[in-house]
Amino acid sequence: MPSDLRHDWRHDELLALFVLPLPELLFRAASVHRANFDPAQVQVSTLLSVKTGGCPEDCAYCPQAQRYATGVDAQKLMATEDVVARARQAKAAGASRFCMGAAWRSPKPRDIPKVAAMIAEVKALGLETCATLGMLSGEQAVALREAGLDYYNHNLDTAPDYYDSVIHTRQYQDRLDTLAHVRDAGLKTCCGGIVGMGESRAQRVGLLLALATLPAHPDSVPINRLVQVAGTPLHGTAALDPFEFVRMIAVARIAMPRSMVRLSAGREAMSDELQALCFLAGANSIFYGEKLLTTGNPDTARDQALFKRLGLQPMAVAVEADGHDRAGTVHAAITGPADGCAGRCGQAA
Ligand code: SAM
Ligand code: DTB
Ligand code: SF4
């Protein structure tokens, strides 16, 4: 294990980072970022809700919980061919990872073969695959991995001591158990949380502590800013200071140096300048495409312009021995061929 990865962070240490003068915190986070990644490269994922609404859980932030009147109608699991068509579009638009989400507490046994078929076909397009389907047993995690799943997203969502204020239909330990099943199955983990739910700064640090002291740092760490949806209990929560969000990204970067830190939900309401600060603070992944699961995301033209203005490049999926990425043209699709591609990806420089 690389010596700079720590799993023994203490709350007081992370809090001390969190409260540093912002320029100092940004300098430290940016230094960690460039020691581990090319800071001009941003990984690009596209989300699709393959099973929307009607969820039995009571997550106070979520528009898909059946019990809240949010206007999201319950739908059946999408047909595989429709999912694959959307994945193909996502790839053509420049995504390297395709994440399939379902509004389930956990998948039923009959759901697994259907989702496995989707995963196998999306993977065959040359995309990285990710799924977020709720709680998983060990056997379910193995079945998904065998179908070709690369990542499983399962968020801790908030600090252990704030969880009961937000969710009552499951426990923190349930989330930790699923994450253990996912790791044991050999899947990569995508695990983060939401800020702006009325939690304290100490609780924001508590979420980062919980993530950074998992047995392995999550491979991807999505940091969501609450998207307030009318009808959910958290609608009307006081807005989070944008700099508090930047601090969250920066401390995530320092505490989990080799993880992809994803600027996730809430980006639509962020200015370009705030997003630029987040990239400076060490964010190196986004959701790309006009919709998250049920709520909006910046339109692709805005993101293309942002990448161009900031000089950012979409990260390729994975680099083969010859330096060619498996997804072929992903980095050409958003802003034109990346420097160093030299046309090997099939796009004229
Ligand atoms: N049902 C599964 C579960 O909860 O694990 C998977 C889908 S669920 C929508 C995935 C994640 O979306 C949640 O864990 C939460 O972090 C995030 N999320 C849901 N609603 C959100 C909102 N209004 N704002 C920000 N993030 C949200
Ligand atoms: C994550 O952490 N954020 C994404 C993804 N993982 C699945 C979901 C955001 C959902 C925002 C609300 C919605 O669009 O329904
Ligand atoms: Fe259901 Fe997931 Fe929404 Fe919670 S976050 S209500 S589990 S879809």
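Restricting attention to the range 214-252, and to residues there that are charged (D, E, K, R) and either in contact with a Ser or Thr (Cβ under 8 Å, 6 or more places away or on another chain) or under 19 Å from Leu292 (Cβ atoms) (or both), which single residue is nearest to ligand 3 (Cβ to nearest atom)?
Arg225
Search the range 121-150 for residues being closer than 22 Å to Ser259 by Cβ and away from ligand 1 (no atom under 13 Å from the Cβ), and hand back the single one that is surrounded by the fewest Cβ atoms within 10 Å (Cβ to Cβ).
Checking each candidate, the answer is Arg145.
If you scan the range 263-275, which residues turn out to be open to solvent by less than 30 Å² (accessible area, probe 1.4 Å) and part of a helix (DSSP H, G or I)?
Within the range 263-275, Arg267, Leu274, Gln275 qualify.
Say whether the condition of being open to solvent by 10 Å² or more (accessible area, probe 1.4 Å), on the phi < 0 side of the Ramachandran plot and in a helix (DSSP H, G or I) is met by at least one residue in the range 286-294.
no
So which pairs qualify, if the first residue must be in the range 52-65 and assigned to a loop (DSSP other than H, G, I, E, B), the second must be more than 13 Å from ligand 2 (Cβ to nearest atom) and open to solvent by less than 10 Å² (accessible area, probe 1.4 Å), the Cβ gap must be under 6 Å, and the two must be at least 6 apart or on different chains?
Final answer for the pair search is Cys59/Ile167; Ala60/Val166.
Given (1) farther than 30 Å from Ala238 by Cβ; (2) touching a residue at least 60 places away in the same chain (Cβ under 8 Å); (3) within 16 Å of ligand 2 (Cβ to nearest atom); (4) open to solvent by less than 10 Å² (accessible area, probe 1.4 Å), where does Met100 come up short, assuming only one miss?
(2)
Check whether at least one residue in the range 46-68 is among the hydroxyl-bearing types (Ser, Thr, Tyr), touching a Phe, Trp or Tyr at 6+ places or on another chain (Cβ under 8 Å) and within 16 Å of ligand 1 (Cβ to nearest atom), and report yes or no.
Checked the range 46-68: at least one residue is among the hydroxyl-bearing types (Ser, Thr, Tyr), touching a Phe, Trp or Tyr at 6+ places or on another chain (Cβ under 8 Å) and within 16 Å of ligand 1 (Cβ to nearest atom).
Would you check if Arg86 is over 19 Å from Val221 (Cβ atoms) and open to solvent by 50 Å² or more (accessible area, probe 1.4 Å)?
Answer is yes for this residue.
Return yes or no: is Met100 away from ligand 1 (no atom under 11 Å from the Cβ) and not polar (S, T, N, Q)?
Spelling it out, it is not the case that Met100 is away from ligand 1 (no atom under 11 Å from the Cβ) and not polar (S, T, N, Q).
Being within 10 Å of ligand 1 (Cβ to nearest atom), among the aliphatic types (A, V, I, L, M) and either out of contact with any Asp or Glu (no Cβ under 7 Å at 6 or more places or on another chain) or in contact (Cβ under 8 Å) with a residue 24 or more places away in the chain (or both): is that true of Leu179 here?
Against the criterion (within 10 Å of ligand 1 (Cβ to nearest atom), among the aliphatic types (A, V, I, L, M) and either out of contact with any Asp or Glu (no Cβ under 7 Å at 6 or more places or on another chain) or in contact (Cβ under 8 Å) with a residue 24 or more places away in the chain (or both)), Leu179 does not qualify.
The values are calculated or read from the model by the stated rules, or taken from the named source; none is laboratory data. Because the structure is predicted, anything quoted here is derived from the model rather than measured. Here the Cβ is made from the backbone with ideal geometry for all residues, glycine too, and neighbour counts use every protein chain on show. Just the protein is used for accessible areas: all its heavy atoms, side chains included, with ligands, DNA and RNA removed. Shrake-Rupley method; radii C 1.70, N 1.55, O 1.52, S 1.80 Å.
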